[in-house]
Amino acid sequence: RALHRAGYPNQPRSTHRGDGLRLTDCWVTAAVRCAPPGNPPTTGERNACRHWLDEEFDRLPLVRVVVCLGGLAWTVMHRLLADRGVVVPRPRPRFAHGAHALTSGPMLLASYHPSQQNTFTGRLTEGMFDAVFAAARHSIGELG
């Protein structure tokens, strides 16, 4: 619902394919495509899924802001951008909720992953999640 409150989808939830959901200025993907048996995914699992992320990202030439949900996404996006010749900060900014990284490509914003482990414990609240997507919406406007 945080995406809806920030104005990305046209409806608050999607219940099935073809229910009319449309996203605007938003791409949703995952660094690892399968639900690994352990937590977090192994390096091998990340590497096995990387080509899917590469292919999707390469089809989106106008990406201005990326919200990274979790430390894994933060690390993977820094590597993906560096592999494409994008200048990324060195040393890489440490992952923390609300962190950001300015690159010569898209801006990266960090959020805790919305897992049950983080939401049930209060580590990630609805307000915190809303703030990250509002910041992304604001940044998109500023970066025009």
Count, please, the residues in region 95-104 that happen to be open to solvent by 40 Å² or more (accessible area, probe 1.4 Å) and among the polar types (S, T, N, Q).
-> 1
Members of region 111-142 found to be in contact with a strand residue (DSSP E or B) (Cβ under 7 Å, 6 or more places away or on another chain) and open to solvent by 70 Å² or more (accessible area, probe 1.4 Å), listed by number | HIS113
Among the residues of region 23-30, is any touching a helix residue (DSSP H, G or I) at 6+ places or on another chain (Cβ under 8 Å), of a type in the set (Asp, Glu) and at pLDDT below 90?
-> yes
Enumeration of residues in region 53-89 that are within 11 Å of the chain's Cα centre (by Cα) and closer than 22 Å to ARG137 by Cβ | VAL65, VAL66, VAL67, CYS68, LEU69, GLY70, ALA73, TRP74, MET77
Filter result (crowded, with 17+ Cβ neighbours inside 10 Å and either on the phi > 0 side of the Ramachandran plot or not in a loop (DSSP other than H, G, I, E, B) (or both)) within region 26-44 = none
Restricting the search to region 1-25, which residues are open to solvent by 40 Å² or more (accessible area, probe 1.4 Å), within 18 Å of the chain's Cα centre (by Cα) and under 20 Å from HIS113 (Cβ atoms)?
-> ARG1, LEU3, HIS4, ARG5, LEU23
Only residues in region 92-103 that are β-branched (Val, Ile, Thr) count as the first member; pair them with residues that are open to solvent by 50 Å² or more (accessible area, probe 1.4 Å), Cβ under 8 angstrom, at least 6 apart or cross-chain, and list the lot.
-> THR103/VAL87
Scanning region 54-85 for residues that are open to solvent by less than 30 Å² (accessible area, probe 1.4 Å) and part of a loop (DSSP other than H, G, I, E, B) gives GLY70
Check on ARG92, open to solvent by 60 Å² or more (accessible area, probe 1.4 Å) and over 16 Å from the mean Cα position of the chain (by Cα) = yes
Do we find that HIS51 is open to solvent by 50 Å² or more (accessible area, probe 1.4 Å), farther than 27 Å from ALA82 by Cα and not in a loop (DSSP other than H, G, I, E, B) in this structure?
-> no
With the first residue restricted to region 106-130 and required to be closer than 28 Å to PRO89 by Cβ and modelled with pLDDT of 95 or more, and the second required to be open to solvent by 30 Å² or more (accessible area, probe 1.4 Å) and among the small types (Gly, Ala, Ser), Cβ contacts under 7 Å at 6 or more apart or on different chains are LEU109/ALA135; ALA110/ALA96; ALA110/GLY98
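The values are calculated or read from the model by the stated rules, or taken from the named source; none is laboratory data. Just so we're clear, the structure is a prediction, and the values are computed from it rather than from any experiment. Cβ coordinates were reconstructed from backbone atoms using ideal geometry, including for glycine residues, and neighbour counts include every protein chain displayed. These area figures cover heavy atoms from the full protein model, side chains too; ligands, DNA and RNA do not enter into them. Shrake-Rupley method; radii C 1.70, N 1.55, O 1.52, S 1.80 Å.
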